[in-house]
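Worksheet: one structure, shown below.
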Amino acid sequence: MPLLRAAPRPPWPLRRVRLTHTKPDLRGHDMTTETTPHPYFTDKARATFAESGGDPDLTADLAAWAEAAHGRDDVHGVIVALDGTIVAETVHIDHTYIHGPDAQRLGLTYRELGMALGEIKRVIGQDVIHLKRWELTRGAGKFALQGHRAAVESARESAAEASEALRSTTIAAVHAGVSEVEAARLAGVARMTVRSWLGK
């Protein structure tokens, strides 16, 4: 009777990236808590992954990796599967290479990025994207700018509505017998503004 052997564990994913924060509690013991990535890194990861053909909703690990890699000089970039899984890190020494331990874990024949990408795709069974660290840690992302534009538009619309409400209320007050000077003082505008609203 043949011995049953467990199937080998697949060489990926590299890891789930966790951001942790350690601080002393009231008794002086270190407490480690898990945190979520800063919105800057989340927005940047979403934008960069989307521009490379990935789904921006699958970037939680990538955002955490970007925040953790922000202050590091020992990595050049990261290989990400299309499902958002971090597969390997890259280093740059004259050329870009797969990080040594990652290349061993994946069983790669070649470490040079161009040759290794095809082999990584074959090993993990899906397409991968190489993203450079600076793409994920510098500048404003598309999603952050869209959010800012939406907030500015909303504020502009609210301001226009408030301005119109102030104008119409001031005109109604003057027509009800309030003096132009008093209406201007209550509205916080110049008397000339009130006169222009009245068409004078």
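The values are calculated or read from the model by the stated rules, or taken from the named source; none is laboratory data. Please read these numbers as outputs of a predicted model, since none were measured by experiment. All Cβ positions, even for glycine, are placed from backbone atoms using ideal geometry, and neighbour counts span all protein chains on display.
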- Query: Would you call residue 91 over 21 Å from residue 126 (Cα atoms), assigned to a loop (DSSP other than H, G, I, E, B), at pLDDT 85 or above and of a type outside the set (Phe, Trp, Tyr)?
  - Reply: no
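Every residue, every condition in (1) of a type in the set (A, V, I, L, M); (2) over 23 Å from residue 39 (Cβ atoms); (3) modelled with pLDDT under 90; (4) touching a helix residue (DSSP H, G or I) at 6+ places or on another chain (Cβ under 6 Å), yes or no:
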| residue | (1), (2), (3), (4) |
| --- | --- |
| 136 | yes, no, yes, yes |
| 139 | no, no, yes, no |
| 142 | no, no, yes, yes |
| 147 | no, no, yes, no |
| 150 | yes, no, yes, no |
| 159 | yes, yes, yes, no |
| 186 | yes, yes, yes, no |
| 189 | yes, yes, yes, no |
- Could you list all residues from the stretch 77-112 that are more than 24 Å from residue 138 (Cβ to Cβ) and among the small types (Gly, Ala, Ser)? 100, 103, 107
- Residue match in the stretch 56-63 (condition: touching a strand residue (DSSP E or B) at 6+ places or on another chain (Cβ under 7 Å), over 14 Å from residue 132 (Cβ atoms) and either crowded, with 17+ Cβ neighbours inside 10 Å or without any contact (Cβ under 8 Å) to a residue 12 or more places away in the chain (or both)): yes
- Task: Would you check which residues across the stretch 102-137 are closer than 20 Å to residue 64 by Cα and either free of Cβ contacts under 8 Å to residues at least 40 places away in the same chain or aliphatic (A, V, I, L, M) (or both) and list them?
- Result: 128, 129, 131, 134, 136
